[in-house]
Amino acid sequence: MTLITTDSLFFFNNINSLTYNEFLPILIFLTIAILLSFILIGLSYLLAVQNPETEKLSTYECGFEPYEDARNIFDVKFYLVAILFIVFDIETMFLIPWSISLSKISILGFWSMIDFLIELGIGFVYIWYIGALEWD
């Protein structure tokens with residue numbers, strides 16, 4: 001009693017099989033990508049000049065030498081501005097596909113995006129009004 005039949009062997013050994021035609025190019029691509037990455041990393045390690053100095057190995061923070069403990073308390077405005085930037089940056093990224101497909105969308109899609117832009121503008125006016133973007 002054998003578990004391997006001729007049908008299953010035919011599926012994997014046939015040069016015209018679906019597995020061979022679909023996955024072989026992906027396997028070749030991955031093999032080339034992995035080999036090329038190892039070659040490039042190896043060549044950059046071998047050909048680069050390895051001459052570290054004390055200045056290169058020293059700690060560097062924001063363009064000046066660190067002079068205090070790393071556990072300083074930062075002002076909340078740094079985090080607030082970063083979060084606001086990320087929120088408005090991601091929300092404005094919705095404008096690119098909308099503007100490209102503007103001629104193909106329905107009137108509902110158009111007015112939904114106008115509503116989105118109005119809400120985004122209200123949020124921007126609000127954070128401007130409360131002074132979240134000002135540095136004191």
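The values are calculated or read from the model by the stated rules, or taken from the named source; none is laboratory data. All of these numbers come straight from a predicted model, not from anything done at the bench. In this analysis, Cβ positions are derived from the backbone assuming ideal geometry, glycine residues included, and neighbour counts consider all displayed protein chains. Only protein heavy atoms, including side chains, enter the accessible area calculation; ligands, DNA and RNA are left aside. Shrake-Rupley method; radii C 1.70, N 1.55, O 1.52, S 1.80 Å.
Here region 74-135 exposes an accessible surface that is 78 percent carbon and sulfur, computed with a 1.4 Å probe and the other protein chains kept in place. Here the spin labels are modelled as points 7 Å beyond Cα on the Cα-Cβ line, and at residue 122 and residue 26 they lie 4.6 nm apart. Take the Cα of residue 92, step 7 Å toward its Cβ, do the same at residue 36, and the gap between the two points is 3.4 nm.
Dividing the alpha-carbon radius of gyration of region 74-135 by the rule-of-thumb value 2.2 N^0.38 Å gives 1.39.
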